[in-house]
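S.K.: The following block contains the structure, expressed as structure tokens.
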Amino acid sequence: MLPIANYLGRLPLAGRFFRPALHEAAPSLAPAVICRREPVLAGTALFRSFGVGETRSYALKGVSVEFNPGELNLLMGPSGSGKSTLLAVLSGLLRPDTGAVGALGRDVWRMRESEMERFRLKHCSYIFQGYNLFPALTAREQLEIVLKWGEGCSSREARKRADHVLGQLGLSKKAHLRPAEMSGGEKQRVAIGRALVKNPTFVFADEPTSALDWENGQQVIHLLTETARDRGAMVLVVTHDPRLTPFADRVFELADGQLQSEGPSHESGLPREYEHAALASGPRLRLYSPEA
Ligand SMILES: Nc1ncnc2c1ncn2[C@@H]1O[C@H](COP(=O)(O)OP(=O)(O)OP(=O)(O)O)[C@@H](O)[C@H]1O
Ligand SMILES: [Mg+2]
């Protein structure tokens with residue numbers, strides 16, 4: 001069993017400034033751009049295979065991609081196209097065969113394992129479809145433990161912040177329940193709360209709304225949007241749901257391990273009627289901010 005700090009480091013995910021070595025090698029080739037927004041996360045020429053010998057197949061075939069702070073990015077594509085593999089490689093959970101991942105000026109896959117664990121714990125929040133909650137902990141404790149371990153918060157401060165976020169997620173009355181006593185939607189909201197309570201630099205989410213009805217799914221995407229826009233986090237969400245695309249700053253599409261297109265969400269060819277969902281104001285959920 002992993003030490004608890006390792007486990008926490010693998011759950012939530014985040015970072016700031018990142019430049020791949022490739023870019024550093026050829027600065028003179030880059031065009032001068034005034035006020036250019038610097039990427040905080042970048043993958044360069046990423047390849048990842050599974051299996052050996054004749055059964056070997058490539059899930060990623062040379063993906064290069066950059067992400068800016070303060071943006072909500074969607075990663076879409078058919079089943080088996082490599083979305084989860086790319087998310088895992090970019091987020092420091094799965095080592096690529098070749099290629100580089102840079103985050104906050106660091107070459108992620110050249111870090112020692114202990115450095116990597118610290119980096120994930122400090123900067124990254126992860127949200128998975130399977131929730132990955134601790135069975136023995138209450139909803140409140142799931143959030144508190146992240147603050148105590150990750151930020152060294154006092155018990156009092158951790159409880160205050162945990163209760164604030166649970167309140168914003170409509171979970172105040174469920175704070176004392178353990179995962180086995182919660183519905184799927186409630187568990188997912190606790191998982192989201194745990195990911196966002198620590199003010200992450202990077203949020204990596206793999207199909208965070210797939211187990212939720214549309215109302216709960218919208219609430220989750222509102223929270224992720226605000227985490228990007230209000231707190232400057234880079235949020236990367238793998239999803240199959242086209243209703244989420246109007247919320248995104250950029251939509252990336254993978255097919256057979258290769259990036260097909262990227263662009264602002266309005267270029268994604270979504271049905272127009274879905275854009276109303278994004279424009280509808282909805283409840284403005286605010287997360288706890290230590291400055292507030
Ligand atoms: N641990 C593994 N062992 C062997 N093959 C794997 C493994 N993980 C992924 N693959 C293969 O890599 C390819 C990409 O898988 P991946 O899970 O990234 O796809 P995906 O786009 O996330 O699909 P889905 O939408 O169904 O979740 C698939 O062909 C899959 O079978
Ligand atoms: Mg997947």
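S.K.: Return the only residue of Ala175, Ala136, Ala162, Ala158 being more than 20 Å from Pro200 (Cβ to Cβ) and in contact with a helix residue (DSSP H, G or I) (Cβ under 7 Å, 6 or more places away or on another chain).
M.R.: Only one candidate passes the filter, namely Ala175.
S.K.: Please determine whether any residue of region 210-227 is touching a residue at least 24 places away in the same chain (Cβ under 8 Å), out of contact with any strand residue (DSSP E or B) (no Cβ under 7 Å at 6 or more places or on another chain), of a type in the set (S, T, N, Q) and not in a helix (DSSP H, G or I).
M.R.: yes
S.K.: Of all the helices (runs of 4 or more DSSP H) wholly in region 51-154, which have at least 1 residues that are under 16 Å from the mean Cα position of the chain (by Cα) and within 16 Å of ligand 1 (Cβ to nearest atom)? Step through it out loud before you land on a result.
M.R.: On the way: elements: 83-90, 113-123, 139-151.
Counting at least 1 such residues, we get 83-90.
S.K.: Considering only region 175-191, how many residues are modelled with pLDDT under 90 and under 13 Å from the mean Cα position of the chain (by Cα)?
M.R.: 0
S.K.: Let me ask something additional. Determine whether region 90-111 contains at least one residue that is buried (at least 21 other Cβ atoms within 10 Å of the Cβ), closer than 27 Å to Pro179 by Cα and within 16 Å of ligand 2 (Cβ to nearest atom).
M.R.: yes
S.K.: Another one. Does region 181-202 hold any residues that are crowded, with 24+ Cβ neighbours inside 10 Å and aliphatic (A, V, I, L, M), and which are they?
M.R.: Val190, Ala191, Ile192, Ala195, Leu196, Val197
S.K.: Is region 103-113 home to any residue that is touching a residue at least 12 places away in the same chain (Cβ under 8 Å) and closer than 24 Å to Ala211 by Cα?
M.R.: no
Results for (1) at pLDDT 65 or above; (2) within 23 Å of Pro69 (Cα to Cα); (3) of a type in the set (A, V, I, L, M), shown as yes or no for each residue.
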| residue | (1), (2), (3) |
| --- | --- |
| Leu244 | yes, yes, yes |
| Ala248 | yes, yes, yes |
| Glu253 | yes, yes, no |
| Asp256 | yes, no, no |
| Ser265 | no, yes, no |
| Glu273 | no, no, no |
| Ala278 | no, yes, yes |
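S.K.: Another question, then. Is at least one residue of region 170-180 surrounded by 19 or more Cβ atoms within 10 Å (Cβ to Cβ) and part of a helix (DSSP H, G or I)?
M.R.: Among the residues of region 170-180, at least one is surrounded by 19 or more Cβ atoms within 10 Å (Cβ to Cβ) and part of a helix (DSSP H, G or I), which makes the answer yes.
The values are calculated or read from the model by the stated rules, or taken from the named source; none is laboratory data. Quick caveat, the model's predicted, so the values are computed rather than measured. All Cβ positions, even for glycine, are placed from backbone atoms using ideal geometry, and neighbour counts span all protein chains on display.
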